[in-house]
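Some notes on the structure that comes next.
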Amino acid sequence: MLFGKRHFLLELTDYEVRLVQVSGFGHGYRVEAVTHEAPGDEGAINRALYALGGGNSSSRNRVRVALQPRSAYFLLAPLDSSQLVKSAAELSSFPRDHLRLDDVPYLSQIIHPGTGAAYKSNSTQREWVFAGAKASAFEDFNARIDAAGAKVVGAELAPIATIGGVMDYMRLRQMPGGLLTVFLGAETSQVFVTTRERLVATRTLPIGVKGLIAACQQAFELSGEAEARATLFAGGPAIAEKASLIIERLQREVETFAGFYELQAGQGINSLCIIPPFSALEWVGGIVAHGMGTPLFKPDYAAWLEFQGASWAPGLDIQHLGAAWLPTFSLIAQYNTHGSTSTSI
């Protein structure tokens, strides 16, 4: 076993590299270790691998990756009868017709909002999830991972992986109604509403971490962006007195979307999950949830692993991990073992 393959779940964001070592990618896996690194240089992935004993050998290190490229798009849309007879390739222009995408190559997928199954023509399912990102973004990520000494054996957009993850968790807890999940990005944020059965709504919000940094700079009357960024990322007592001002616009955008959804769907939002790009911003979710009067979704990773028939190494503390780790752990969950027909969505 000393020279056997090592398996990792890797998530890459603009602000953090998260890595989970697992015993394998199948049912009954065990979480061996977790670590994270700031992605300030090209060595971040390599340092994370070394921290967990992975070394620099692509013949040994196998990784499943959750990516959050800034060019990613997500669209939940119905298809009419004339469109449903088309192949996935013939529908490749559909997102361009509905979104303002750059005129460059994209890697895209069309998937079922409940099972995550790939689109097939002549389906009776009318509504589908369109997702993708610029091909160059995937190429850049692959180059970084290859340079770090690892082989990619699977890659997903982090929000897509997480939709399946939170649906599975909702089944574990028998959560009623809708869960509103907010992916905080660098410049924009992606919001989803899921039930235990499917994805029911999605939208892009025009605010992300950069907007929070700008709000922090204004709230504290700081001299520059670097100082505001350091203050925001420090969290804790340093920003407590101004926290509600900093997240005011984000909260307003989330509330507007939630109100629109409730009006259109005739169903309420029963809980809120905000996934920050790194753990230092976990505080944002609690303040937004409090302001909205909505219960905050807090994942219990130990209970979720047991639900998956998985385990974790003795002495490994996974209960302190917050919502930022949801995309990473969603890469491994076996959703089809609990009533769905696909391992991810």
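The values are calculated or read from the model by the stated rules, or taken from the named source; none is laboratory data. Small disclaimer: the values here were computed from a predicted structure and weren't measured. Cβ atoms come from the backbone with ideal geometry, glycine included; neighbour counts cover every protein chain shown. Ligands, DNA and RNA are stripped out before the accessible areas are found, and what is left, the full protein with its side chains, is counted by its heavy atoms. Shrake-Rupley method; radii C 1.70, N 1.55, O 1.52, S 1.80 Å.
Observations on the structure shown:
- Residue match in the stretch 73-83 (condition: farther than 20 Å from GLN125 by Cβ and among the hydroxyl-bearing types (Ser, Thr, Tyr)): yes
- Near pairs, Cβ below 6 angstrom, 6+ apart or cross-chain, from the stretch 241-268 (without any contact (Cβ under 8 Å) to a residue 40 or more places away in the chain) to any residue that is open to solvent by less than 90 Å² (accessible area, probe 1.4 Å) and not in a helix (DSSP H, G or I): GLU262/GLY268
- Whichever residue in the stretch 253-311 is among the aliphatic types (A, V, I, L, M) and more than 18 Å from SER189 (Cβ to Cβ) and, among such residues, is surrounded by the most Cβ atoms within 10 Å (Cβ to Cβ): ALA310
- Members of the stretch 214-247 found to be open to solvent by less than 20 Å² (accessible area, probe 1.4 Å), among the aliphatic types (A, V, I, L, M) and closer than 16 Å to GLY285 by Cα, listed by number: LEU232, ILE239, ALA243, ILE246, ILE247
- The criterion of at least 1 residues that are touching a Ser or Thr at 6+ places or on another chain (Cβ under 8 Å), more than 25 Å from ASP300 (Cα to Cα) and without any contact (Cβ under 8 Å) to a residue 40 or more places away in the chain is met by the following helices (runs of 4 or more DSSP H) wholly inside the stretch 147-234: 209-220.
- Scanning the stretch 312-332 for residues that are part of a loop (DSSP other than H, G, I, E, B) and either under 20 Å from the mean Cα position of the chain (by Cα) or surrounded by 16 or more Cβ atoms within 10 Å (Cβ to Cβ) (or both) turns up ILE318, GLN319, HIS320, LEU321, GLY322, LEU331, ILE332.
- The lone exception for PHE130 - which of (1) under 24 Å from the mean Cα position of the chain (by Cα); (2) on the phi > 0 side of the Ramachandran plot it fails: (2)
- Enumerated helices (runs of 4 or more DSSP H) restricted to the stretch 1-111, each holding at least 3 residues that are modelled with pLDDT of 90 or more, touching an Asp or Glu at 6+ places or on another chain (Cβ under 9 Å) and not hydrophobic (A, V, I, L, M, F, W, C): none
- Some residue of the stretch 81-97 being within 28 Å of GLU255 (Cα to Cα), open to solvent by less than 30 Å² (accessible area, probe 1.4 Å) and among the hydrophobic types (A, V, I, L, M, F, W, C): no
- Evaluated against (1) at pLDDT below 95; (2) in contact with a Lys or Arg (Cβ under 9 Å, 6 or more places away or on another chain); (3) within 26 Å of ILE111 (Cα to Cα), GLY268 falls short on exactly one condition, (2).
- Residues within the stretch 89-106 that are within 15 Å of TYR119 (Cα to Cα) and under 24 Å from the mean Cα position of the chain (by Cα), tallied: 3
- Condition check for ASP140: outside any loop (DSSP other than H, G, I, E, B) and either open to solvent by 40 Å² or more (accessible area, probe 1.4 Å) or at pLDDT below 90 (or both): yes
- Matching residues, the stretch 147-184, being out of contact with any Lys or Arg (no Cβ under 6 Å at 6 or more places or on another chain) and open to solvent by 20 Å² or more (accessible area, probe 1.4 Å): ALA147, VAL152, ALA155, GLU156, LEU172, ARG173, GLN174, MET175, PRO176, GLY177
- Scope the stretch 209-244; condition within 19 Å of GLY185 (Cα to Cα) and not small (Gly, Ala, Ser); matching residues: VAL209, LYS210, LEU212, ILE213, CYS216, GLN217, GLU225, ARG229, THR231, LEU232, PHE233
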